[in-house]
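First up is the structure itself, then whatever we jot down about it.
The values are calculated or read from the model by the stated rules, or taken from the named source; none is laboratory data. Every value quoted in this text rests on a predicted model; they were computed, and no experiment measured them. All Cβ positions, even for glycine, are placed from backbone atoms using ideal geometry, and neighbour counts span all protein chains on display. Heavy atoms of the whole protein, side chains included, go into the accessibility calculation; ligands, DNA and RNA do not. Shrake-Rupley method; radii C 1.70, N 1.55, O 1.52, S 1.80 Å.
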Amino acid sequence: MPGIGILELKNDEFINNVISRLSGMKTEFISLGELTIPSGLKYDVIVDRISSGNPFLTEIVKKLSLGGSYVINNPFSATNKIIDTFLCSALNIPHPKTMVLPFIDEQWDMGDTVREPDLERVGKEIGFPCVLKPYDGYAWDNVFFVNTMNELKNLYDSLKTRHVLLVQEKIEHNDYYRAFCINKKEVLLVKHKPRPRCQSEYLLSDLKEIESHIDKISKWSNRLNSSLDVDFNAMEWAIDLDGKPFIIDSFNEIPEIQRNVIPHDYYEWILDKFSAMVREKAEKGERNRTIFSL
Ligand SMILES: Nc1ncnc2c1ncn2[C@@H]1O[C@H](COP(=O)(O)OP(=O)(O)O)[C@@H](O)[C@H]1O
Ligand SMILES: [Mg+2]
C-alpha cells in the first residue's frame, strides 16, 4: 500500500480534508527527531506544507526527495521573484518591466563587485509610479508603491542592507485574479482582492470579463510551473486598463487554502485536484526532478 507522508500541522483543515480523499492509501503525519544519513525513511509521496519555515526540515525534505520520495512541491525548485521574472521573459509570458537592485552588505566588503545602483537610470527605465518589493517576499511584506525619485532613493537606502529588491513597472488594473495551479495542468482562476497580511478576499465570478484570456492565462501558468517544476502554486494575474493580462506574482507555493475564505466550489475544486495529484504521483512512482546525478 503506497505511503503518503504529511509535513503539516495535525489540526490543519485542508490537509485533513486531503487525507480523507486518499482512501485506500496509508497516510501519516511525519514527526522527525535525530536522523542517520542515509536513513531508511521513505514515503512514496510527501506533501510538504511546512518545511520552508525550518532549516532542518528544509534540508531533510531534499534528502527524502533524493531518497526516492516524490515531494510536493519539489524542494529543489529554485523559484523566487527574480528567477520567475527571468523565466517569464524567456517564455514570452507578459510581466511588468523589472529591474533588480543590489544588496549592500555592511559586514562583508565586496570591493567594486557590487556597487551602488544608478537610481536615476532605474527611475527613467521603469517610470513612476513603480513598485519596490523584495525578491523573496510574501504577504506584502515590504511591498511599496513609489511615486517619486526621492521616495525611491529613501526606500532603497532604508532596505538595501536587508533585502534584494526589485523595481517593477506598476500595472494599473481594475481586475486581479489568483490562478490556483495543480499538477502543471489544472488551473482555476479566482477573482481576487489582494490585501496585505492574509486579508485578501476571493470572489465568486463567472469570469465573463476575461473569457477571452482564460486559455492563455492557463497555458502561461502551466508553462511557468512546468519550467519551475512546481506542482502546487497560486499565481497572481492583473488585467491592465487596456484589458491585457500581466503576471504579478508567481511565488506562492504554499498557498493558504482556508475553507472559510475560499468560496465553497473553489475550495472543493482545489481539494479534488490536489488529492487526485497526490494519488497519481504515488501510483505512478514518480520522482522529483533534481540537479544531481545519482
Ligand atoms: N508590478 C505591479 N503592478 C501592480 N501591482 C503590483 C505589482 N507588484 C505588486 N503589486 C501589488 O502588490 C501586491 C503584493 O505584491 P506581490 O508581488 O504579490 O508580493 P507578495 O509576494 O508579498 O504577495 C500584489 O498583490 C499587487 O496587488
Ligand atoms: Mg502576492
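If we scan region 201-223, do we find a residue that is within 16 Å of ligand 2 (Cβ to nearest atom) and at pLDDT below 95?
Taking every residue of region 201-223 in turn, at least one turns out to be within 16 Å of ligand 2 (Cβ to nearest atom) and at pLDDT below 95.
So which residues in region 278-294 are out of contact with any Pro (no Cβ under 7 Å at 6 or more places or on another chain) and within 11 Å of S69 (Cβ to Cβ), if there are any at all?
Those that are out of contact with any Pro (no Cβ under 7 Å at 6 or more places or on another chain) and within 11 Å of S69 (Cβ to Cβ): K281, G285, E286, R287, N288.
Does K81 satisfy being in contact with a helix residue (DSSP H, G or I) (Cβ under 9 Å, 6 or more places away or on another chain) and among the charged types (D, E, K, R)?
So K81 does not fit the description; no.
For region 1-22, what are the residues that are without any contact (Cβ under 8 Å) to a residue 12 or more places away in the chain and either open to solvent by 80 Å² or more (accessible area, probe 1.4 Å) or under 23 Å from K62 (Cβ atoms) (or both)?
The answer is N11, S20.
Here are D84, D118, D112, D141: which of them is under 22 Å from N233 (Cα atoms), open to solvent by 70 Å² or more (accessible area, probe 1.4 Å) and acidic (D, E)? Don't jump to the end; show me each part of the working.
Working: D84 fails: open to solvent by 70 Å² or more (accessible area, probe 1.4 Å); D118 fails: under 22 Å from N233 (Cα atoms); D112 fails: under 22 Å from N233 (Cα atoms).
Within the list D84, D118, D112, D141, the selection yields D141.
Could you tell me which residue of region 175-190 is farthest from N225 (Cα to Cα), considering only residues that are more than 13 Å from ligand 1 (Cβ to nearest atom) and part of a strand (DSSP E or B)? Talk me through it step by step, then tell me what you get.
We begin by selecting, within region 175-190, every residue more than 13 Å from ligand 1 (Cβ to nearest atom); these are 180-190.
Cutting the leftovers down to part of a strand (DSSP E or B) gives us 180-182, 186-190.
Working: F180: 11, C181: 8, I182: 9, E186: 11, V187: 11, L188: 14, L189: 15, V190: 18 Å.
Result: V190.
Check region 25-47 and report whether any residue there is at positive phi and either within 16 Å of ligand 2 (Cβ to nearest atom) or of a type outside the set (D, E, K, R) (or both). Give the steps one after another, and end with the answer.
Pass one, region 25-47, residues at positive phi: none.
No, region 25-47 has no match at all.
Condition first: at pLDDT below 95 and away from ligand 1 (no atom under 12 Å from the Cβ). Now tell me which residues in region 191-200 satisfy that.
Within region 191-200, no residue meets the criteria.
Report the residue count in region 137-174 for those that are at pLDDT below 95 and more than 9 Å from ligand 1 (Cβ to nearest atom).
Adding up the residues that qualify gives 1.
Quick one: M99 ticks every box in (1) closer than 22 Å to A78 by Cβ; (2) within 16 Å of ligand 2 (Cβ to nearest atom) except a single one, so which number is it?
Unmet for M99, out of (1) closer than 22 Å to A78 by Cβ; (2) within 16 Å of ligand 2 (Cβ to nearest atom): (2).
Take the conditions within 27 Å of L87 (Cα to Cα) and out of contact with any Gly (no Cβ under 8 Å at 6 or more places or on another chain) and apply them to N260. Does it pass?
Here the answer is no, as N260 does not meet what is asked.
Hey, among I171, I104, I126, which residue is away from ligand 2 (no atom under 16 Å from the Cβ), buried (at least 18 other Cβ atoms within 10 Å of the Cβ) and either under 30 Å from M277 (Cβ atoms) or of a type outside the set (D, E) (or both)?
So the residue among I171, I104, I126 that is away from ligand 2 (no atom under 16 Å from the Cβ), buried (at least 18 other Cβ atoms within 10 Å of the Cβ) and either under 30 Å from M277 (Cβ atoms) or of a type outside the set (D, E) (or both) is I126.
Which condition number in (1) more than 19 Å from P255 (Cβ to Cβ); (2) open to solvent by less than 30 Å² (accessible area, probe 1.4 Å); (3) among the hydrophobic types (A, V, I, L, M, F, W, C) is the one that I37 fails?
Only one criterion in (1) more than 19 Å from P255 (Cβ to Cβ); (2) open to solvent by less than 30 Å² (accessible area, probe 1.4 Å); (3) among the hydrophobic types (A, V, I, L, M, F, W, C) is unmet by I37, namely (2).
Can you tell me which condition H95 does not meet? The list is (1) open to solvent by 80 Å² or more (accessible area, probe 1.4 Å); (2) touching a residue at least 60 places away in the same chain (Cβ under 8 Å), and all the others hold.
Unmet for H95, out of (1) open to solvent by 80 Å² or more (accessible area, probe 1.4 Å); (2) touching a residue at least 60 places away in the same chain (Cβ under 8 Å): (1).
Report, by residue number, each residue of region 221-253 that is polar (S, T, N, Q) and surrounded by fewer than 18 Cβ atoms within 10 Å (Cβ to Cβ).
The one that is polar (S, T, N, Q) and surrounded by fewer than 18 Cβ atoms within 10 Å (Cβ to Cβ): S226.
Show the residue pairs that are 6+ apart or on different chains and have beta-carbon atoms under 7 Å apart, the first residue being within region 274-290 and within 13 Å of G24 (Cα to Cα), the second being modelled with pLDDT under 95 and open to solvent by 10 Å² or more (accessible area, probe 1.4 Å).
What qualifies is A282/P2; E283/P2.
Regarding region 186-207, can at least one residue be identified that is without any contact (Cβ under 8 Å) to a residue 40 or more places away in the chain, out of contact with any strand residue (DSSP E or B) (no Cβ under 9 Å at 6 or more places or on another chain) and under 19 Å from D265 (Cα atoms)?
yes
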